[in-house]
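A.B. asks: Here it is, the structure, as C-alpha coordinates.
The values are calculated or read from the model by the stated rules, or taken from the named source; none is laboratory data. What you see is a predicted model, and the numbers here were worked out from it, not measured in a lab. A quick note on method: Cβ atoms are made from the backbone with ideal geometry, for glycine too, and the neighbour counts reach across all protein chains shown. Just the protein is used for accessible areas: all its heavy atoms, side chains included, with ligands, DNA and RNA removed. Shrake-Rupley method; radii C 1.70, N 1.55, O 1.52, S 1.80 Å.
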Amino acid sequence: MKLNGSEILAEVLIEQGVDTIFGYPGGAVLNIYDALYKYSDKITHVLTAHEQGASHAADGYARATGKTGVCLATSGPGATNLVTGIATAFMDSIPMVAITANVNLPLLGKDSFQEVDIAGVTMPITKHGFIVKDVNELASTIRKAFKIAKSGRPGPVLVDITKDVTANLCEFEKKDPAPAEKKNRFTEDEIKKAIELIQNSKKPFIYVGGGAVASEAYEEVRAFAKKIQAPVCDTLMAKGVFDGYDDLYTGMIGMHGTKTSNFGVSQCDLLIAMGARFSDRVIGNPKKFASDAKILHIDIDAAEINKNIKTCASIIGDLKDILTKLIPLVNERKSSEWNDYVSELKNHIPPMYNKKTALHPKFVCEKVNKIAGEDTIITTEVGQHQMWVAQFYPFTKPRTLLTSGGLGTMGYGTGAAIGAQTAFPNKTVVHFAGDGSFRMNCNELATIQNYNLPIIIIVVNNGVLG
(Lines give C-alpha, C1' and ligand atoms only; values in the text may rest on other atoms or scores of the structure.)
Protein backbone atom coordinates (compact mmCIF):
# COMPACT_ATOMS: atom_id res chain seq x y z
CA MET A 1 0.00 0.00 0.00
CA LYS A 2 1.12 3.55 -0.74
CA LEU A 3 1.47 5.87 2.25
CA ASN A 4 3.17 9.17 2.96
CA GLY A 5 6.18 9.31 5.26
CA SER A 6 4.17 10.42 8.30
CA GLU A 7 1.74 7.54 7.90
CA ILE A 8 4.64 5.13 7.45
CA LEU A 9 6.16 6.43 10.70
CA ALA A 10 2.88 5.83 12.55
CA GLU A 11 2.51 2.33 11.06
CA VAL A 12 6.05 1.35 12.09
CA LEU A 13 5.55 2.74 15.60
CA ILE A 14 2.45 0.55 15.97
CA GLU A 15 4.38 -2.38 14.50
CA GLN A 16 7.06 -1.86 17.19
CA GLY A 17 4.46 -2.00 19.97
CA VAL A 18 4.40 1.75 20.69
CA ASP A 19 1.15 2.85 22.31
CA THR A 20 2.23 6.21 23.73
CA ILE A 21 4.35 9.08 22.41
CA PHE A 22 5.29 12.30 24.20
CA GLY A 23 5.82 15.41 22.14
CA TYR A 24 5.35 19.03 21.17
CA PRO A 25 4.35 20.25 17.68
CA GLY A 26 6.03 22.73 15.34
CA GLY A 27 6.16 23.62 11.65
CA ALA A 28 8.54 20.94 10.42
CA VAL A 29 6.72 18.15 12.26
CA LEU A 30 3.10 19.07 11.42
CA ASN A 31 2.67 16.30 8.84
CA ILE A 32 3.56 13.74 11.52
CA TYR A 33 0.96 15.32 13.83
CA ASP A 34 -1.66 14.94 11.11
CA ALA A 35 -0.82 11.23 10.97
CA LEU A 36 -0.88 10.89 14.76
CA TYR A 37 -4.37 12.40 14.75
CA LYS A 38 -5.40 9.83 12.13
CA TYR A 39 -3.93 6.98 14.22
CA SER A 40 -5.07 8.34 17.59
CA ASP A 41 -7.11 5.19 18.29
CA LYS A 42 -3.84 3.21 18.39
CA ILE A 43 -1.23 5.71 19.58
CA THR A 44 -1.83 8.07 22.49
CA HIS A 45 -0.04 11.39 22.10
CA VAL A 46 0.75 13.27 25.32
CA LEU A 47 1.29 17.00 24.73
CA THR A 48 3.81 18.27 27.26
CA ALA A 49 4.49 21.90 28.17
CA HIS A 50 8.06 21.76 26.83
CA GLU A 51 10.11 19.35 24.72
CA GLN A 52 12.44 18.60 27.63
CA GLY A 53 9.41 17.42 29.58
CA ALA A 54 8.54 15.12 26.66
CA SER A 55 11.99 13.56 26.68
CA HIS A 56 11.90 12.97 30.45
CA ALA A 57 8.37 11.55 30.19
CA ALA A 58 9.51 9.10 27.50
CA ASP A 59 12.45 8.16 29.73
CA GLY A 60 10.17 7.65 32.76
CA TYR A 61 7.77 5.58 30.66
CA ALA A 62 10.70 3.38 29.56
CA ARG A 63 12.07 2.92 33.09
CA ALA A 64 8.64 2.07 34.50
CA THR A 65 7.59 -0.36 31.75
CA GLY A 66 10.83 -1.78 30.34
CA LYS A 67 9.63 -0.78 26.86
CA THR A 68 11.29 1.76 24.57
CA GLY A 69 10.14 5.32 25.27
CA VAL A 70 9.35 7.60 22.33
CA CYS A 71 9.42 11.40 22.14
CA LEU A 72 8.79 13.77 19.24
CA ALA A 73 9.89 17.35 18.52
CA THR A 74 10.14 19.78 15.65
CA SER A 75 13.32 21.14 14.08
CA GLY A 76 15.75 23.68 15.54
CA PRO A 77 14.92 24.71 19.12
CA GLY A 78 12.37 21.91 19.44
CA ALA A 79 15.06 19.36 18.71
CA THR A 80 17.71 20.99 20.91
CA ASN A 81 15.24 21.08 23.81
CA LEU A 82 15.38 17.26 23.77
CA VAL A 83 19.14 17.17 24.32
CA THR A 84 19.15 17.09 28.14
CA GLY A 85 16.57 14.29 28.17
CA ILE A 86 18.52 12.29 25.59
CA ALA A 87 21.73 12.72 27.61
CA THR A 88 19.89 11.63 30.77
CA ALA A 89 18.74 8.43 29.06
CA PHE A 90 22.19 7.82 27.60
CA MET A 91 24.00 8.07 30.94
CA ASP A 92 21.55 5.65 32.60
CA SER A 93 21.27 3.25 29.62
CA ILE A 94 17.53 3.79 29.04
CA PRO A 95 16.00 2.67 25.70
CA MET A 96 14.49 5.67 23.91
CA VAL A 97 13.80 6.70 20.33
CA ALA A 98 13.79 10.48 19.87
CA ILE A 99 12.15 11.55 16.60
CA THR A 100 12.72 15.01 15.18
CA ALA A 101 11.73 16.62 11.91
CA ASN A 102 14.09 18.93 10.06
CA VAL A 103 13.79 21.44 7.22
CA ASN A 104 13.16 20.28 3.65
CA LEU A 105 16.09 18.48 2.01
CA PRO A 106 17.08 21.35 -0.36
CA LEU A 107 17.37 23.67 2.66
CA LEU A 108 19.71 21.44 4.70
CA GLY A 109 23.13 22.96 5.37
CA LYS A 110 22.07 26.49 4.45
CA ASP A 111 21.36 27.88 7.94
CA SER A 112 17.67 27.79 7.10
CA PHE A 113 15.00 28.93 9.53
CA GLN A 114 14.91 26.56 12.53
CA GLU A 115 17.58 24.31 11.04
CA VAL A 116 19.95 22.47 13.38
CA ASP A 117 22.14 19.44 12.73
CA ILE A 118 20.56 17.60 15.64
CA ALA A 119 22.19 14.29 14.68
CA GLY A 120 25.56 16.02 14.99
CA VAL A 121 24.62 17.75 18.23
CA THR A 122 23.54 14.48 19.87
CA MET A 123 26.24 12.21 18.44
CA PRO A 124 28.13 11.86 21.76
CA ILE A 125 24.94 11.13 23.75
CA THR A 126 23.17 8.56 21.56
CA LYS A 127 23.83 4.96 20.64
CA HIS A 128 23.20 5.97 17.03
CA GLY A 129 21.78 8.89 15.05
CA PHE A 130 19.99 8.76 11.70
CA ILE A 131 19.08 11.46 9.17
CA VAL A 132 16.33 10.25 6.81
CA LYS A 133 16.42 12.04 3.45
CA ASP A 134 14.53 9.48 1.36
CA VAL A 135 11.03 8.24 2.18
CA ASN A 136 11.95 4.80 0.83
CA GLU A 137 14.44 4.43 3.71
CA LEU A 138 12.13 5.66 6.46
CA ALA A 139 10.51 2.39 7.56
CA SER A 140 13.77 0.44 7.68
CA THR A 141 15.49 3.28 9.59
CA ILE A 142 12.80 3.43 12.28
CA ARG A 143 12.98 -0.35 12.65
CA LYS A 144 16.76 -0.18 13.03
CA ALA A 145 16.40 2.57 15.63
CA PHE A 146 14.15 0.45 17.85
CA LYS A 147 16.40 -2.58 17.53
CA ILE A 148 19.53 -0.57 18.42
CA ALA A 149 17.82 1.13 21.39
CA LYS A 150 17.06 -2.24 23.03
CA SER A 151 20.01 -4.39 21.88
CA GLY A 152 23.02 -4.99 24.11
CA ARG A 153 23.39 -2.12 26.54
CA PRO A 154 20.19 -0.08 26.00
CA GLY A 155 20.21 3.61 25.19
CA PRO A 156 18.68 6.43 23.16
CA VAL A 157 18.64 6.60 19.36
CA LEU A 158 17.84 9.76 17.39
CA VAL A 159 15.95 9.74 14.06
CA ASP A 160 15.88 13.09 12.24
CA ILE A 161 13.49 13.23 9.26
CA THR A 162 13.44 16.00 6.68
CA LYS A 163 10.01 17.61 6.28
CA ASP A 164 9.62 16.58 2.64
CA VAL A 165 10.11 12.92 3.61
CA THR A 166 7.14 13.21 5.99
CA ALA A 167 4.95 14.18 2.99
CA ASN A 168 6.40 12.06 0.16
CA LEU A 169 4.69 8.82 -0.88
CA CYS A 170 6.08 5.30 -1.25
CA GLU A 171 5.02 1.67 -0.96
CA PHE A 172 4.83 0.34 2.59
CA GLU A 173 4.86 -3.28 3.71
CA LYS A 174 4.26 -4.31 7.32
CA LYS A 175 6.87 -6.45 9.06
CA ASP A 176 7.20 -8.17 12.42
CA PRO A 177 9.58 -6.31 14.77
CA ALA A 178 13.10 -7.72 14.90
CA PRO A 179 14.09 -9.02 18.35
CA ALA A 180 16.74 -7.13 20.31
CA GLU A 181 20.17 -8.73 20.33
CA LYS A 182 21.60 -9.70 23.73
CA LYS A 183 25.18 -9.87 22.42
CA ASN A 184 26.51 -12.57 24.75
CA ARG A 185 30.26 -12.98 24.29
CA PHE A 186 31.24 -15.17 27.22
CA THR A 187 33.07 -18.49 26.95
CA GLU A 188 32.94 -21.66 29.04
CA ASP A 189 36.42 -20.88 30.35
CA GLU A 190 35.19 -17.54 31.69
CA ILE A 191 32.28 -19.27 33.41
CA LYS A 192 34.67 -21.82 34.97
CA LYS A 193 37.00 -19.03 36.17
CA ALA A 194 34.06 -17.23 37.80
CA ILE A 195 32.87 -20.39 39.55
CA GLU A 196 36.39 -21.03 40.83
CA LEU A 197 36.57 -17.51 42.31
CA ILE A 198 33.17 -17.89 43.95
CA GLN A 199 33.91 -21.34 45.42
CA ASN A 200 37.24 -20.19 46.86
CA SER A 201 35.83 -17.03 48.39
CA LYS A 202 35.28 -16.82 52.15
CA LYS A 203 33.87 -13.29 52.18
CA PRO A 204 31.92 -12.65 48.95
CA PHE A 205 30.04 -9.40 48.38
CA ILE A 206 27.64 -8.53 45.52
CA TYR A 207 27.46 -5.07 43.96
CA VAL A 208 24.37 -4.67 41.73
CA GLY A 209 23.91 -1.93 39.13
CA GLY A 210 21.28 -0.78 36.66
CA GLY A 211 22.19 -3.54 34.22
CA ALA A 212 20.22 -5.92 36.43
CA VAL A 213 17.11 -3.84 35.72
CA ALA A 214 17.78 -3.65 31.96
CA SER A 215 18.33 -7.42 31.88
CA GLU A 216 15.27 -8.08 34.08
CA ALA A 217 17.48 -10.37 36.15
CA TYR A 218 15.73 -9.66 39.46
CA GLU A 219 14.84 -13.24 40.40
CA GLU A 220 18.24 -14.50 39.28
CA VAL A 221 20.15 -11.91 41.36
CA ARG A 222 18.12 -12.83 44.44
CA ALA A 223 18.50 -16.60 43.88
CA PHE A 224 22.26 -16.29 43.31
CA ALA A 225 22.80 -14.17 46.43
CA LYS A 226 20.75 -16.58 48.55
CA LYS A 227 22.64 -19.60 47.24
CA ILE A 228 26.09 -18.23 48.07
CA GLN A 229 24.86 -16.20 51.08
CA ALA A 230 26.59 -13.05 49.87
CA PRO A 231 25.61 -9.62 51.21
CA VAL A 232 24.20 -7.35 48.50
CA CYS A 233 24.66 -3.62 47.96
CA ASP A 234 23.21 -1.64 45.08
CA THR A 235 23.62 1.55 43.11
CA LEU A 236 21.00 4.25 42.67
CA MET A 237 19.98 2.65 39.35
CA ALA A 238 19.45 -0.79 40.87
CA LYS A 239 17.01 0.08 43.67
CA GLY A 240 14.40 -2.64 44.08
CA VAL A 241 16.35 -5.36 42.27
CA PHE A 242 17.07 -6.78 45.72
CA ASP A 243 14.43 -6.58 48.44
CA GLY A 244 15.23 -3.65 50.74
CA TYR A 245 13.99 -5.64 53.75
CA ASP A 246 16.06 -8.77 53.05
CA ASP A 247 18.67 -9.74 55.67
CA LEU A 248 21.38 -9.90 52.98
CA TYR A 249 20.71 -6.36 51.77
CA THR A 250 23.16 -3.71 52.99
CA GLY A 251 21.92 -0.59 51.19
CA MET A 252 23.42 1.72 48.60
CA ILE A 253 27.17 1.84 48.02
CA GLY A 254 29.36 4.89 47.48
CA MET A 255 29.75 8.42 48.72
CA HIS A 256 26.05 8.61 49.66
CA GLY A 257 25.86 4.94 50.61
CA THR A 258 25.68 3.10 53.91
CA LYS A 259 28.52 2.33 56.27
CA THR A 260 27.63 -1.36 55.96
CA SER A 261 27.99 -1.42 52.16
CA ASN A 262 31.20 0.61 52.08
CA PHE A 263 32.86 -1.30 54.93
CA GLY A 264 31.68 -4.60 53.46
CA VAL A 265 33.19 -3.88 50.05
CA SER A 266 36.41 -2.69 51.70
CA GLN A 267 36.77 -5.94 53.64
CA CYS A 268 35.40 -8.62 51.29
CA ASP A 269 37.74 -11.03 49.48
CA LEU A 270 35.58 -11.25 46.32
CA LEU A 271 33.47 -8.44 44.88
CA ILE A 272 30.97 -9.60 42.27
CA ALA A 273 29.85 -6.61 40.17
CA MET A 274 26.63 -7.23 38.23
CA GLY A 275 25.63 -4.76 35.54
CA ALA A 276 27.46 -1.92 37.28
CA ARG A 277 30.00 0.51 35.84
CA PHE A 278 32.13 1.45 38.88
CA SER A 279 31.20 5.13 38.65
CA ASP A 280 33.22 7.74 40.50
CA ARG A 281 30.34 8.22 42.98
CA VAL A 282 30.70 4.54 43.91
CA ILE A 283 34.45 3.94 43.98
CA GLY A 284 35.89 7.25 45.24
CA ASN A 285 39.65 6.72 45.09
CA PRO A 286 40.14 3.84 42.60
CA LYS A 287 43.46 2.89 44.21
CA LYS A 288 41.73 2.20 47.53
CA PHE A 289 38.43 0.73 46.33
CA ALA A 290 37.98 -2.95 47.35
CA SER A 291 41.77 -3.13 47.63
CA ASP A 292 41.74 -6.50 49.43
CA ALA A 293 39.29 -8.14 47.04
CA LYS A 294 39.44 -10.00 43.78
CA ILE A 295 36.89 -8.48 41.40
CA LEU A 296 34.56 -10.43 39.11
CA HIS A 297 32.79 -8.09 36.69
CA ILE A 298 29.67 -9.22 34.80
CA ASP A 299 28.46 -6.72 32.19
CA ILE A 300 26.99 -6.65 28.70
CA ASP A 301 29.26 -3.78 27.63
CA ALA A 302 32.85 -4.87 27.01
CA ALA A 303 33.95 -1.21 27.16
CA GLU A 304 33.17 -1.14 30.90
CA ILE A 305 35.56 -3.97 31.74
CA ASN A 306 38.78 -2.60 33.30
CA LYS A 307 37.71 0.97 32.46
CA ASN A 308 37.61 2.35 36.01
CA ILE A 309 38.65 -0.64 38.13
CA LYS A 310 40.98 -3.51 37.22
CA THR A 311 39.24 -6.87 37.44
CA CYS A 312 40.48 -10.35 38.21
CA ALA A 313 37.92 -11.94 35.87
CA SER A 314 35.02 -10.82 33.72
CA ILE A 315 32.03 -12.24 31.85
CA ILE A 316 30.61 -10.20 28.98
CA GLY A 317 26.95 -10.76 28.23
CA ASP A 318 23.36 -10.50 29.40
CA LEU A 319 23.22 -10.76 33.20
CA LYS A 320 20.04 -12.85 33.26
CA ASP A 321 21.57 -15.41 30.89
CA ILE A 322 24.87 -15.52 32.79
CA LEU A 323 23.26 -15.95 36.22
CA THR A 324 20.93 -18.63 34.84
CA LYS A 325 24.08 -20.47 33.82
CA LEU A 326 25.98 -19.83 37.08
CA ILE A 327 23.29 -20.60 39.68
CA PRO A 328 23.14 -24.39 39.13
CA LEU A 329 26.95 -24.63 39.00
CA VAL A 330 27.92 -22.85 42.23
CA ASN A 331 27.93 -24.66 45.56
CA GLU A 332 25.36 -23.71 48.14
CA ARG A 333 26.92 -21.85 51.05
CA LYS A 334 25.65 -21.54 54.59
CA SER A 335 25.56 -18.30 56.54
CA SER A 336 28.99 -17.69 58.07
CA GLU A 337 30.92 -15.40 60.39
CA TRP A 338 31.24 -13.06 57.43
CA ASN A 339 27.46 -12.69 57.30
CA ASP A 340 27.33 -12.12 61.06
CA TYR A 341 29.99 -9.43 60.78
CA VAL A 342 28.14 -7.60 57.98
CA SER A 343 24.87 -7.86 59.91
CA GLU A 344 26.55 -6.39 62.97
CA LEU A 345 27.61 -3.38 60.90
CA LYS A 346 23.93 -2.61 60.29
CA ASN A 347 23.36 -2.21 64.00
CA HIS A 348 25.50 0.95 64.00
CA ILE A 349 22.82 2.86 62.09
CA PRO A 350 21.24 5.32 64.55
CA PRO A 351 17.42 5.56 64.83
CA MET A 352 17.60 9.15 63.44
CA TYR A 353 14.17 10.26 64.67
CA ASN A 354 11.70 9.85 67.51
CA LYS A 355 8.39 11.39 68.60
CA LYS A 356 10.12 14.58 69.73
CA THR A 357 12.15 15.03 66.53
CA ALA A 358 11.15 17.59 63.93
CA LEU A 359 10.01 16.17 60.57
CA HIS A 360 12.85 13.94 59.35
CA PRO A 361 13.47 12.69 55.75
CA LYS A 362 13.62 9.08 56.98
CA PHE A 363 10.25 9.46 58.69
CA VAL A 364 8.71 10.96 55.54
CA CYS A 365 10.05 8.16 53.29
CA GLU A 366 8.94 5.39 55.64
CA LYS A 367 5.51 6.95 56.15
CA VAL A 368 4.92 7.41 52.40
CA ASN A 369 5.95 3.80 51.83
CA LYS A 370 3.59 2.57 54.56
CA ILE A 371 0.64 4.56 53.20
CA ALA A 372 1.24 4.09 49.47
CA GLY A 373 2.46 0.47 49.39
CA GLU A 374 5.28 -1.37 47.67
CA ASP A 375 3.76 -1.11 44.15
CA THR A 376 4.01 2.67 44.23
CA ILE A 377 6.29 4.25 41.64
CA ILE A 378 8.61 6.86 43.12
CA THR A 379 10.22 9.56 40.99
CA THR A 380 12.70 12.16 42.18
CA GLU A 381 14.50 15.26 41.06
CA VAL A 382 18.22 15.52 41.83
CA GLY A 383 19.85 16.70 45.04
CA GLN A 384 19.59 16.08 48.77
CA HIS A 385 15.98 14.87 48.61
CA GLN A 386 17.05 12.32 45.97
CA MET A 387 19.74 10.88 48.25
CA TRP A 388 17.33 10.80 51.19
CA VAL A 389 14.92 8.72 49.09
CA ALA A 390 17.75 6.41 48.01
CA GLN A 391 18.94 5.99 51.60
CA PHE A 392 15.65 5.78 53.47
CA TYR A 393 12.90 4.53 51.13
CA PRO A 394 12.58 0.72 51.41
CA PHE A 395 12.26 -0.41 47.77
CA THR A 396 11.23 -4.04 47.35
CA LYS A 397 10.44 -4.21 43.62
CA PRO A 398 12.36 -3.15 40.49
CA ARG A 399 11.23 -0.28 38.27
CA THR A 400 9.69 1.53 41.23
CA LEU A 401 12.37 4.24 41.53
CA LEU A 402 12.78 6.52 38.52
CA THR A 403 15.61 8.97 39.01
CA SER A 404 18.45 10.55 37.03
CA GLY A 405 21.71 8.94 38.10
CA GLY A 406 24.62 9.48 35.72
CA LEU A 407 23.72 12.94 34.43
CA GLY A 408 22.05 14.17 37.64
CA THR A 409 19.34 16.12 35.83
CA MET A 410 17.41 18.59 37.95
CA GLY A 411 13.93 18.83 36.45
CA TYR A 412 13.88 15.16 35.43
CA GLY A 413 11.35 13.85 37.92
CA THR A 414 8.21 15.78 36.96
CA GLY A 415 8.42 14.55 33.37
CA ALA A 416 9.30 11.03 34.53
CA ALA A 417 6.24 11.00 36.80
CA ILE A 418 4.07 11.94 33.81
CA GLY A 419 5.57 9.06 31.83
CA ALA A 420 5.05 6.57 34.65
CA GLN A 421 1.48 7.66 35.43
CA THR A 422 0.58 7.54 31.72
CA ALA A 423 1.97 4.00 31.50
CA PHE A 424 0.23 2.86 34.70
CA PRO A 425 -2.91 4.96 35.23
CA ASN A 426 -4.08 2.75 38.11
CA LYS A 427 -0.81 2.84 40.07
CA THR A 428 0.13 5.44 42.66
CA VAL A 429 2.96 7.72 41.49
CA VAL A 430 4.71 9.85 44.09
CA HIS A 431 7.22 12.48 43.03
CA PHE A 432 9.80 13.76 45.55
CA ALA A 433 11.22 17.16 44.57
CA GLY A 434 13.63 19.55 46.18
CA ASP A 435 12.53 23.18 46.35
CA GLY A 436 15.33 24.03 43.91
CA SER A 437 14.82 21.21 41.39
CA PHE A 438 11.05 21.68 41.43
CA ARG A 439 11.37 25.02 39.65
CA MET A 440 13.31 23.53 36.75
CA ASN A 441 10.27 21.95 35.06
CA CYS A 442 7.29 23.08 37.12
CA ASN A 443 5.70 24.15 33.81
CA GLU A 444 4.79 20.47 33.46
CA LEU A 445 2.20 21.00 36.19
CA ALA A 446 0.09 22.24 33.26
CA THR A 447 0.47 18.81 31.59
CA ILE A 448 -0.43 17.02 34.83
CA GLN A 449 -3.56 19.16 35.19
CA ASN A 450 -4.50 18.93 31.52
CA TYR A 451 -4.50 15.11 31.56
CA ASN A 452 -5.87 14.94 35.12
CA LEU A 453 -2.96 12.77 36.24
CA PRO A 454 -3.23 11.90 39.97
CA ILE A 455 0.50 12.38 40.64
CA ILE A 456 1.37 13.18 44.26
CA ILE A 457 4.20 15.71 44.52
CA ILE A 458 6.14 16.15 47.75
CA VAL A 459 8.27 19.29 47.73
CA VAL A 460 11.03 19.22 50.31
CA ASN A 461 11.68 22.58 51.93
CA ASN A 462 15.39 22.61 52.63
CA GLY A 463 16.16 26.27 52.13
CA VAL A 464 16.26 26.26 48.29
CA LEU A 465 19.14 24.23 46.82
CA GLY A 466 20.15 23.04 50.28
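A.B. asks: When the Debye formula is applied to the Cα atoms of the range 154-239, each taken as the same point scatterer, what base-10 log of I(q)/I(0) results at q = 0.20, 0.22, 0.23 Å⁻¹?
C.D. replies: These q points yield log10 I(q)/I(0) values of -1.17, -1.29, -1.33.
A.B. asks: Limiting things to C-alpha atoms, what are the Rg and the maximum Cα-Cα separation (Dmax) for the range 276-426, in angstroms?
C.D. replies: For the range 276-426, the Cα radius of gyration and maximum Cα-Cα distance read 19.2, 53 Å.
A.B. asks: Taking only Cα atoms, what is the 0 to 90° angle, nearest 10, from helix 361-372's long axis to the longest principal axis of the chain?
C.D. replies: 70 degrees
A.B. asks: If you take the charge dipole of the chain about its Cα centre, with +1 on Lys and Arg Cβ and -1 on Asp and Glu Cβ, which of TYR393, TYR412, PHE146 is farthest toward its positive end?
C.D. replies: Going by the Cα projections, it comes out as TYR393.
A.B. asks: Over the alpha-carbon set of the range 310-361, work out the extent along each principal axis and list the three values in angstrom, largest first.
C.D. replies: 52, 27, 25
A.B. asks: Let me ask something else. Heavy atoms of the protein only, probe of 1.4 Å, neighbouring chains included. What is the accessible area of THR409 in Å², nearest 10?
C.D. replies: Roughly 10 Å² of THR409 is accessible to a 1.4 Å probe.
A.B. asks: Quote the relative contact order of the range 3-105 in percent (integer), defining contacts as alpha-carbon pairs under 8 Å separated by 6+ residues.
C.D. replies: Relative CO of the range 3-105 lands at 30 percent.
A.B. asks: Let me ask something else about it. Express in nm, to one decimal, how much length is gained between LEU359 and ARG439 on full extension, taking 0.36 nm for each residue of separation and deducting their alpha carbon distance.
C.D. replies: Here the answer is 26.5 nm.
A.B. asks: Considering the options ASN452, PHE242, THR74, tell which one lies farthest towards the positive end of the dipole of the chain, charges being +1 on Lys and Arg and -1 on Asp and Glu at the Cβ, about the Cα centre.
C.D. replies: Projecting each Cα onto the dipole axis, the largest value belongs to PHE242.
A.B. asks: Using only the alpha-carbon atoms of the range 1-94 as identical scatterers, what base-10 log of I(q)/I(0) does the Debye formula give at q = 0.11, 0.13, 0.18, 0.25 Å⁻¹?
C.D. replies: Taken in order of the listed q values, log10 I(q)/I(0) reads -0.30, -0.42, -0.80, -1.34.
A.B. asks: Counting pairwise Cα distances across the chain, what percent come out greater than 31 angstrom?
C.D. replies: It works out to 44 percent of all Cα pairs.
A.B. asks: While we're here: Quick one: order ILE315, ILE195 from most to least accessible surface, probe 1.4 Å. Walk me through the numbers on the way to the answer.
C.D. replies: Numbers: ILE315 0, ILE195 25 Å².
Per-residue accessible area, sorted high to low, gives ILE195, ILE315.
A.B. asks: Of the trypsin sites (Lys or Arg not before Pro) in the range 317-356, which ones lie in a loop per DSSP and count no more than 16 other C-beta atoms within 10 Å?
C.D. replies: Qualifying residues, ordered by number: LYS334, LYS355, LYS356.
A.B. asks: Just how far, in whole angstrom, is the range 45-78 from the range 229-278 if you go by their alpha carbon centroids?
C.D. replies: Value for the Cα centre distance between the two parts: 32 Å.
A.B. asks: So what is the relative contact order for the chain, in percent, with contacts set as C-alpha pairs under 8 Å and at least six apart? Please list the in-between numbers first.
C.D. replies: Numbers: 1034 pairs, mean separation 73.3, N = 466.
About 16 percent, as a whole number.
A.B. asks: Which net charge results for the neighbourhood of GLU304, defined as the other residues with beta-carbon distances under 12 angstrom from its beta-carbon, given Lys and Arg at +1 and Asp and Glu at -1?
C.D. replies: Here the charged neighbours net out to +1.
A.B. asks: Let's see if you can work this out: charge +1 on each Lys and Arg Cβ, -1 on each Asp and Glu Cβ, no other charges. What is the dipole magnitude of the chain about its Cα centre, in debye to the nearest 20?
C.D. replies: Values: 49 positive and 49 negative charges, 239 e Å.
Dipole magnitude for the chain comes out near 1140 debye.
A.B. asks: Let me ask something additional. FRET efficiency for PHE263 and LYS175, Cβ-Cβ distance as r, R0 = 41 Å, nearest 0.05?
C.D. replies: FRET efficiency, PHE263 to LYS175: 0.15.
A.B. asks: Let me ask something additional. Checking the table LYS182/LYS203; LYS38/LYS127; LYS334/LYS370; LYS67/LYS397; LYS193/LYS320; LYS144/LYS183 against a 27 Å threshold on Cα-Cα, which pairs fail?
C.D. replies: Violating the 27 Å Cα-Cα cut-off are LYS182/LYS203; LYS38/LYS127; LYS334/LYS370.
A.B. asks: What does the net charge come to around LEU108 if you take all other residues with beta carbon closer than 12 Å to its beta carbon, with K and R at +1 and D and E at -1?
C.D. replies: Details: positive: LYS110, LYS133, LYS163; negative: ASP111, GLU115, ASP117, ASP160, ASP164.
Spelling it out: positives minus negatives among the neighbours equals -2.
A.B. asks: Follow-up question, since we're still on this one. Can you work out the accessible area per residue across the range 409-466, with the rest of the protein chains kept in place, probe 1.4 Å, in square angstrom?
C.D. replies: On the way: 2560 Å² over 58 residues.
That works out to 44 Å² per residue.
A.B. asks: Using a cut-off of 11 Å between beta-carbons, work out the net charge of the residues near ILE349 (Lys and Arg +1, Asp and Glu -1, ILE349 not included). List each step's numbers first, then the result.
C.D. replies: Working: positive: LYS259, LYS346, LYS362; negative: none.
Every neighbour counted, the sum reads +3.
A.B. asks: Can you classify the range 95-186 as rounded, prolate or oblate using the Cα gyration tensor, where a ≥ b ≥ c are the square roots of its eigenvalues, rounded means a/c under 1.5, and otherwise it's prolate if a/b beats b/c and oblate if not?
C.D. replies: Oblate, because a/c is 1.5 or more while a/b does not exceed b/c.
A.B. asks: Right, here's the next one. Expressed as a whole number of Å, what is the distance separating the alpha-carbon centroids of the range 414-441 and the range 152-206?
C.D. replies: That distance is 28 Å.
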